[in-house]
Amino acid sequence: MSESARRQPTVRAMVARPSALQARLRVLLWLLAAGAVAWWWLGLSLSGLMPQAGGLEIARQFFAAALTPALDYQAAFVPDGSPAFLWSVAQTMGVTLLYAVAALSLAVALALPLSFFASMAAPVVVRVPLRAVLGLARSVHELLWAILFLAAFGMNSASAIVAIALPFAGTLAKVWSEMLDETSPTAARALELSGARSRLAFAVGRAPLAFADMAAYGFYRLECAVRASAVLGFFGYPTAGYFLKLSFENLHYREVWTWLYALLLMVLLFEAWSARLRKRFVA
């Protein structure tokens, strides 16, 4: 058989089956089309973003304050015995971090075993119902969980931590189970051939390969937990969001930017730490 004859089936297959790039472009075009239909159906228009009377001046004052964040209280009256403003910011960010770490540690403790039972290592009768439960947990936003727990248990730190941990555990378990499934099966198969049970081979042969990605995603969820714990301050918890809300309501925009910069600094520190640990694990 000639070389051209041998190539013909391959060429025909390439023509008949779109490339991976073409498939991704097609999905992107479908998403853009769906977005356009959604805009049309909802009657959305960019004219709705036109500023109201005085809106431009408020926006100018707010963004101008970003250049001069507050180093002290902007209020005319500060109660005696109040800590220095920057020290108060540092203390509150520490509390915000404690809420985030407590919530994420609970989420990780739940997600580690659940991710294994949601992966292909578990039988279908376990994996499918568990994935449905995880989908329910992560489909309810932590703010809604917080409202439910506030109504049921009142204002306490445990309800805030569990409100963050539940959807985070569902998300972590889903993503980690997919990371386990996508690792190379070579080591696990070798362990099975040597006599190890299939689930043990899956855990020992695949988990170490996925550990770096799982750790990196865990650190990313810690950044998300910091933001979530800060937002819970809008419900009255003593986190950064509570004091940011007060500053914004009092039109103390320079204080607002100090809180925003403090949150940004914390997120950047976590990102640098995550990148360093990931490099160490991969190496």
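The values are calculated or read from the model by the stated rules, or taken from the named source; none is laboratory data. It should be emphasised that the depicted structure is a prediction, and the values quoted were computed from it without experimental measurement. No Cβ is skipped: glycine too gets one built from the backbone with ideal geometry, and neighbour counts run over all protein chains shown.
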With respect to Pro69, is the statement that it is modelled with pLDDT under 70, within 26 Å of Phe248 (Cβ to Cβ) and outside the structural domain of Val256 (by TED's automatic domain parsing) true? no
If you go through the range 236-260, how many residues are loosely packed, with under 14 Cβ neighbours inside 10 Å and assigned to a helix (DSSP H, G or I)? 1
Count of the range 190-235 residues which are at pLDDT below 70, loosely packed, with under 15 Cβ neighbours inside 10 Å and part of a helix (DSSP H, G or I): 5
